[in-house]
């Protein structure tokens, strides 16, 4: 999931379009990358930042709910176990253990209402964009939003490759 080179061409094109559209809506690639750098500086993870807001010089991201360590640990474990997935639409409920599945479902219920709003600090740079943690939630299938994964869990290098990719 966070290794851009392992994705097939269709997935690379989709990720490129999503990231390019996101970057264009906040003033460009450098502004989005600046925000990512600001997010990476927050340790252990920007999602746990009590202010629910991260700012760079040009762009800020806000969200409506603090993510606590127990839910973040489950989310990180799910993402880590799917890091080598080659598609963006893997189902995080594909797990052998019913106990793990229950923990994942509880995490999904907790995190699904969170919405992120990315806005440029200057209105001339664009309207910004919104995204959620999960792309889709169905009875036996939950898919992580690729924008969320890229911004909070993948490296800046991943984002650079996605933005530079030519279709």
Query raised in the report: In the list 39, 19, which residue meets the criterion of being within 17 Å of residue 159 (Cβ to Cβ), touching a residue at least 24 places away in the same chain (Cβ under 8 Å), crowded, with 18+ Cβ neighbours inside 10 Å and touching a strand residue (DSSP E or B) at 6+ places or on another chain (Cβ under 8 Å)?
Result: 39
Report task. State which residue is surrounded by the fewest Cβ atoms within 10 Å (Cβ to Cβ) when the search covers only the stretch 42-53 and only residues that are touching a helix residue (DSSP H, G or I) at 6+ places or on another chain (Cβ under 8 Å) and outside any loop (DSSP other than H, G, I, E, B). Result -> 48
Report task. Select from the stretch 134-157 the residues that are touching a strand residue (DSSP E or B) at 6+ places or on another chain (Cβ under 8 Å) and either in a helix (DSSP H, G or I) or modelled with pLDDT of 95 or more (or both) and list them in ascending order. Result -> 146, 147, 148, 151
Query raised in the report: What tally of residues in the stretch 101-118 results from selecting those that are surrounded by 14 or more Cβ atoms within 10 Å (Cβ to Cβ) and touching a strand residue (DSSP E or B) at 6+ places or on another chain (Cβ under 6 Å)?
Result: 5
**Report entry** Candidates 118, 26 - the one that is touching a residue at least 60 places away in the same chain (Cβ under 8 Å) and in a loop (DSSP other than H, G, I, E, B)
**Finding:** 26
Query raised in the report: Scanning the stretch 122-132 for residues that are in a loop (DSSP other than H, G, I, E, B) and touching a strand residue (DSSP E or B) at 6+ places or on another chain (Cβ under 7 Å), which turns out surrounded by the fewest Cβ atoms within 10 Å (Cβ to Cβ)?
Result: 128
Report summary line: The condition from (1) assigned to a helix (DSSP H, G or I); (2) at pLDDT 90 or above that residue 99 misses is numbered (2)
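The values are calculated or read from the model by the stated rules, or taken from the named source; none is laboratory data. On a predicted model such as this, the values are computed, not experimentally measured, just so you know. Neighbour counts are summed over all protein chains in view; Cβ atoms, including those assigned to glycine, are modelled from backbone coordinates with ideal geometry.
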